[in-house]
Amino acid sequence: MLRESISMLHEYRRDYIERAGFTLLEETETEILVGRWKPLTPEVRSLLETYHGKRVHSTVVDPADPAVRLTFPQPDRSNTAPDDFDPGAEESVALAGMGRRTRNLPPGEELLRRLLGAAVEQDASDLALWKAGPYRWRCTIRTGGSVRDLVELDERPARTVLRLLKLNGGLDLMEERLPQDGRIEFPWLPGRAIRIATVGDPRGEALALRFLDRRPRCLGALGLRPVHMARILTVLAGAPGLLVCCGPTGSGKTTTIAAIAEIVARTGRKVVSVEDPVEYRVPGVLQLESGGQDHRYLPAALRQDPDVLWIGEVRKRSHIRPLMEAVLSGHLVLTTLHAEGTVGVVQRLVNLGASEQLLRQHLTLVCTQRLEGNPPRLNASIGGEFDGSALVRSGN
């Protein structure tokens, strides 16, 4: 009788749940919370405990409330399910139209592959997953600099995807509060790497992915205008100084800097980078992953006798001193900055503690870029045509 009820639950899921008068609200590793608008009979309670293998708690809800969704995710223990049960049914409904299914995969991995595959097919630079409400998670992608929804997931499949990504990224599965960063390379995403970052929020855990090419693209393939290419190459061949690439999130700043670093490395000069984390593996470059210990790795990088220092991103005051020391000691310094335009770069560096006088003398070139259009194309401008003193004065 119990097996027949479980079979009915799968085959006529919504009808059965509505007649029994309950829906699943939340699930943990050891317990489930059921919302009910009818008395929870001993038979139904036994069914739920057998189906999930967990203790059942219930609370009264109003089925007319839009926040109460009729959901019933799949169990962890497959030996309680009927032979014809499809454990990926709920995920398949959520991802209908997002590509073909792959046979013989666990439902969690199937869902993960289809999510990432859909993001890559749409040329997304980022994917984010976070809890947007009591029983739902939002999955969004960034394409061409704008964010849009990819799919909405229920609690159980969303947490399954989150755990799989943390596991593949080498993150601590038990840590759901403190920030964590890592890197993933899936064999079924050839030519792609993924930067993963997680952090806790009051409702749960938020995840962000950045899609990367495993090899940086050459500078000539980025869509820069010939005049900009010529200006960058002139700066690289000239005197040491500071070259900054700036723009909004997802505009390709790191891609541009990595391409520049590869050009420099091919000339025989020694390039040392300090990044957190390393996003592109650049041939001929000594790349140091700081793991948040920039104050230790930046001086260590200078002791590696570099000709060129590549700082992944200038974010705080502790970056300014080693950056300016490198410039003053005759190094070319490459970095990125979240700022809008050349004046914004100067203002940000001054606010972080950089000397105006040194910027006048050593700020060699600023490349401002953003992605525009559909498909997204790089729109860049070079600020090196202006002398440094004019930049600083206009930023005051």
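Miscellaneous remarks
- Test: residue 26 is under 26 Å from residue 133 (Cα atoms), at pLDDT 65 or above and not assigned by TED's automatic domain parsing to the domain that holds residue 106: yes
- Selection count, the stretch 257-305, where residues are free of Cβ contacts under 8 Å to residues at least 24 places away in the same chain, small (Gly, Ala, Ser) and in contact with a helix residue (DSSP H, G or I) (Cβ under 6 Å, 6 or more places away or on another chain): 2
- Any hit, the stretch 375-392, residues being at pLDDT 85 or above, over 28 Å from the mean Cα position of the chain (by Cα) and either of a type in the set (D, E, K, R) or within 20 Å of residue 220 (Cα to Cα) (or both): no
- For the stretch 169-184, a residue qualifies if it is under 20 Å from residue 211 (Cα atoms) and touching a helix residue (DSSP H, G or I) at 6+ places or on another chain (Cβ under 9 Å), and the qualifying residues are 171, 180, 182, 184.
- Boolean, residue 224 is in contact (Cβ under 8 Å) with a residue 12 or more places away in the chain and not assigned by TED's automatic domain parsing to the domain that holds residue 111: yes
- Of all the residues in the stretch 177-190, those that are within 21 Å of residue 289 (Cα to Cα) and in a loop (DSSP other than H, G, I, E, B) number 4.
- Condition check for residue 327: in contact with a Gly (Cβ under 7 Å, 6 or more places away or on another chain) and within 13 Å of residue 241 (Cα to Cα): yes
- Tally of residues being within 22 Å of residue 293 (Cα to Cα) and either surrounded by fewer than 15 Cβ atoms within 10 Å (Cβ to Cβ) or in contact with a Cys (Cβ under 6 Å, 6 or more places away or on another chain) (or both) across the stretch 322-358: 4
- Only one of 212, 224 that is buried (at least 18 other Cβ atoms within 10 Å of the Cβ) and in a loop (DSSP other than H, G, I, E, B): 224
- Filter pass, residue 198 being without any contact (Cβ under 8 Å) to a residue 60 or more places away in the chain, crowded, with 16+ Cβ neighbours inside 10 Å and assigned to a strand (DSSP E or B): yes
- For the stretch 264-314, a residue qualifies if it is part of a strand (DSSP E or B), modelled with pLDDT under 95 and surrounded by fewer than 18 Cβ atoms within 10 Å (Cβ to Cβ), and exactly one does: 289.
- Check on residue 232, crowded, with 22+ Cβ neighbours inside 10 Å, over 23 Å from residue 123 (Cβ atoms) and more than 24 Å from the chain's Cα centre (by Cα): yes
The values are calculated or read from the model by the stated rules, or taken from the named source; none is laboratory data. This one's a predicted model, so the numbers in the text were calculated from it and none came from an experiment. With ideal geometry, Cβ positions are generated from the backbone for all residues, glycine too; neighbour counts draw on all protein chains shown.
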